[in-house]
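The values are calculated or read from the model by the stated rules, or taken from the named source; none is laboratory data. All values derive from a computational prediction rather than experimental measurement. Cβ placement follows ideal geometry from the backbone for every residue including glycine, while neighbour counts extend to all protein chains displayed.
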Amino acid sequence: MTDALPGKGGKGELFRPLNEETRIIDAEVLLQETFNTNPRQGCSLLFRLYYAPLCSHAIRFVYSKQVAEDIVGEVFCRFWDERIFQKINISYRAYLFKSVRHRAYNYIKYELSRKTPGENFEQDQNSTDPYQILQYDELYQLLDKTINALPQQCKKVFVLSRMENKRYHDIAAELDISVKAIEAHISKALRILRKKVNHDWNWK
């Protein structure tokens, strides 16, 4: 059933084949029935269905496997601890993906602006504002474009560190450069990202 879930392509979430849409609806019906009879089992099924796709979705924004996994884990913990499944008014899938995008956006703002995450972050968790959704897509496009425009070696180091979660020593050995050079490349990549995002999004 997981093949019905979105991959990394942004357009894939908006233009899905009918049979894929049907599988997603079937999954939602099964989840609803499971939550009605056994909430703990429902959360377990929800996790198995959506954990991997949500991590892939989060990586689009935060460019870090570890951070993406942490964000998704926090979303699932909150979903269970606060019994959100009892008061959710949209599909489980829609809620989870929106929650992950909100947390990823907040993380990016924190890391690139060096500011504390905003207190109002949780208040618009279920927002369906088209403008806000467009903002997420624009932010992803900006990050992706900026990463791809990095100098080749800098980009390679950044991707190995953030996307593949490799340690600096392992990257240094793989690329036959020093750990100091790895640190310099990561700092340069983050500096470029911070400058670009702060300029375009006014995160000062």
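Data table
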{"item": "Single condition residue 86 does not satisfy, out of (1) within 9 Å of the chain's Cα centre (by Cα); (2) over 28 Å from residue 143 (Cα atoms); (3) of a type in the set (S, T, N, Q)", "result": "(1)"}
{"item": "Index of the failed condition, residue 102 passing every other in (1) part of a helix (DSSP H, G or I); (2) over 24 Å from residue 84 (Cβ atoms); (3) at pLDDT 75 or above", "result": "(2)"}
{"item": "Contacts under 6 angstrom Cβ, first residue in region 174-186 being within 20 Å of residue 63 (Cα to Cα), partner of a type in the set (D, E, K, R), 6 or more apart", "result": "none"}
{"item": "Of residues in region 55-89 being loosely packed, with under 14 Cβ neighbours inside 10 Å and closer than 21 Å to residue 164 by Cα, the one modelled with the highest pLDDT", "result": "74"}
{"item": "Positions within region 173-196 being farther than 30 Å from residue 105 by Cα and among the small types (Gly, Ala, Ser), in sequence order", "result": "173, 178"}
{"item": "Hits in region 66-97 - residues which are under 25 Å from residue 26 (Cβ atoms), among the polar types (S, T, N, Q) and part of a helix (DSSP H, G or I)", "result": "86"}
